[in-house]
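Please find one structure pasted underneath; my questions will follow.
Any read-out appearing in this document is the output of simple, stated calculations on the displayed coordinates, not a laboratory observation. None of the values given here were measured: they were computed from a predicted structure. As a convention, Cβ positions derive from the backbone with ideal geometry for all residues, glycine included, and neighbour counts pool all protein chains shown.
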Amino acid sequence: MDIIFSYDWIGIVIALIVGLIGYGVFSLGRRISRRGGKWFLMGIGCIILLVFLALLAGSVYHVFQVVRLAQKYPPPGQIYDVDGVKMHIWAEGTNVADEEGNISPTVIFIPGGYSPGLGLWHLHKKIAKETRSILFDRAGTGWSQRSPYPRHVKRDALELKKLLDAAGERGPFVLVGHSWGGFFANNFALNHPEYVAGLVILDGTPPDSITGPGAKGLLMFAKYLKLHSIAKLFSATRFLPSLGGEGAEDPDSPNFIYKDLREVFQLYEATEVKAQSGWAAAASFEAMIKNPELQVKDANALGDIPMFAIYRENMNSEMENLTEEEKQKMKEQSMKMLKVSEQEYDQMMASIQASVEKVPKLSKKGVLIHPPEGSTHQFPYEFPEFCVEKIREMISLVMTGESPELESDADKADK
């Protein structure tokens, strides 16, 4: 069912079905002799036909937009065949050698959620001036076609490996993952360690956040993505709330969180108009909950791959500048949405915070680093230069073969 609704033309089919039902009800009413029943059915038929007209107009406009934007914004990178699926990769920059002949590694960026590669374009743009840098679109996002369902992070990782091979990109690579992209990066490193030279995890989704009450939050997000994708089919997303908050995704708003993406935001929006991305993301999130064994959570599971695990000191930092009344209100809203008690909510947040401490221990060469004070989960957009500097540090470590300083920011602060 999910894959059917990921086709952009399916909205027109749904609208036509509604139209046939409306016509059938109206025609039935006309054939009834009893005046009360006659006018009632004809009235219902008219209402359904009005809904049909609205759905048809919205669905036709949606398909028109998809076609128009696809022609206006062709893929900026290259398209390769991965097991019969066309996938997009955008590689820029050149690997360079230092004075000792050490070659800089290629960096791969993996945005949060299930966003197309352009989600971390602002970091890619800077790093591509110093070494080779790659953005790619997971199957079902950006300029990449949908691939077979069910989706899950292990399949995503295998598809990336095959895409890199098809494109002739040579590793091992430094993977930079934000949020769910960090979760992806760790899974890729577990399943394809020979492709990974280093990891920079930017507030990656910690394992314990998708178990217990945390799983409810991820399922709620998956349901929202499905609803949002259905709304796309009928050009009706404006009637849904933005998860990022008021103005967070509006380039003309002072609350716009992707300020550094303004240069390519039209490209980003052009690919996101398609319905497929929401369904692919929801399928991946749901599969993760159903298959918790796909998580990377055992100590030293990633061997000696160098890792910078960059996490906020307080994973609930978005609430730090709120009044006590505002904090309580936001907490109650979250509890209501997740359908958990206050005790369960507090346990969930404590579990997520504790889970962060486990992430650097996934590697023998992992280190926990805190971003600048005032950071929220979106710190790759709030403090991009900090992120670029940490990526440069990882590149340097990989080139020289040195180990990262295995003393976290927290340890240093305690001294």
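Arrange 164, 219 by Cβ neighbour counts within 10 Å, fewest through most, would you?
By the 10 Å Cβ count, ascending: 219, 164.
Residue by residue, what Karplus-based ³J(HN,Hα) values in Hz, rounded to whole numbers, does the range 43-53 have, using 6.51, -1.76 and 1.60 with θ = phi - 60° and x for Gly and Pro?
The phi angles translate into x, 4, x, 5, 4, 5, 5, 5, 4, 4, 4 Hz.
Taking the Cα centre of the chain as the origin and placing charges on Cβ (Lys, Arg +1; Asp, Glu -1), which of 258, 45, 268 is farthest toward the positive end of the dipole?
Looking along the dipole axis, the top candidate is 45.
To the nearest Å, what is the center-to-center distance of the range 365-383 and the range 128-168, using C-alpha atoms only?
25 Å
Further question: Let me spell out the model: positive unit charges on the Cβ of Lys and Arg, negative unit charges on the Cβ of Asp and Glu, origin at the Cα centre of the range 2-72. What dipole size does that give, in debye rounded to 20?
The dipole of the range 2-72 has a size of about 500 debye.
Dipole of the range 289-365, Cα-centred, from +1 at each Lys and Arg C-beta and -1 at each Asp and Glu C-beta, to the nearest 20 debye?
Computed charge dipole of the range 289-365: roughly 420 debye.
Here's a follow-up. For the range 2-72, just say rounded, prolate or oblate: build the C-alpha gyration tensor, square-root its eigenvalues into a ≥ b ≥ c, call rounded for a/c under 1.5, and beyond that prolate if a/b exceeds b/c, oblate if not.
Because a/c hits 1.5 or more and a/b exceeds b/c, the range 2-72 counts as prolate.
Hey, what angle do you get for helix 180-191 against the long axis of the chain, alpha-carbon based, 0 to 90 degrees rounded to 10?
Tilt relative to the chain: about 60 degrees.
While we're looking at this one, here's another question. Counting other C-beta atoms within 10 Å, which of 381, 7 has the fewest, and how do the rest follow?
Ascending number of Cβ neighbours within 10 Å: 7, 381.
Check residue 303: other-chain or 5+ apart residues with amide H under 5 Å from its amide H, H built from backbone geometry?
Under 5 Å from the amide H of residue 303: 364.
What FRET efficiency comes out for residue 103 versus residue 50 if R0 is 51 angstrom and r is the Cβ-Cβ distance? Round to the nearest 0.05.
0.20
While we're looking at this one, here's another question. Using modelled backbone amide H atoms (1.01 Å from N, in-plane), which distant-in-sequence or interchain residues come within less than 5 Å of residue 85's amide H?
none
For a Förster distance of 45 Å, can you work out the FRET efficiency between the beta-carbons of residue 345 and residue 35, rounded to the nearest 0.05?
0.20
Mind running the shape call on the chain? Use the C-alpha gyration tensor, a ≥ b ≥ c as the square roots of the eigenvalues: rounded below 1.5 for a/c, prolate if a/b tops b/c, oblate otherwise.
prolate
Test of understanding: ordering 83, 156 by Cβ neighbours within 10 Å, fewest first, what list do you get?
By the 10 Å Cβ count, ascending, the order reads 83, 156.
Per the helix-only calculation at 222 nm, which mean residue ellipticity applies to the chain, given -39500 (n - 2.57) for every DSSP H run of n ≥ 4 and division by its residues, nearest 500 deg cm²/dmol?
Calculated at 222 nm, the ellipticity per residue is -15500 deg cm²/dmol.
Let's test the formula: R0 of 30 Å, r as the Cβ-Cβ distance of residue 166 and residue 64. What FRET efficiency results, to the nearest 0.05?
My answer for the efficiency is 0.40.
To test your reading of the geometry: what angle, between 0 and 90 degrees and rounded to tens, separates the Cα axis of helix 324-338 from the longest principal axis of the chain?
For 324-338 against the chain, the angle is about 70 degrees.
Applying the Karplus parametrisation 6.51 cos²θ - 1.76 cosθ + 1.60 with θ = phi - 60° to the phi angles of the range 310-315, what ³J(HN,Hα) value in whole Hz is obtained for each residue in order, glycine and proline being reported as x?
9, 9, 5, 5, 10, 5
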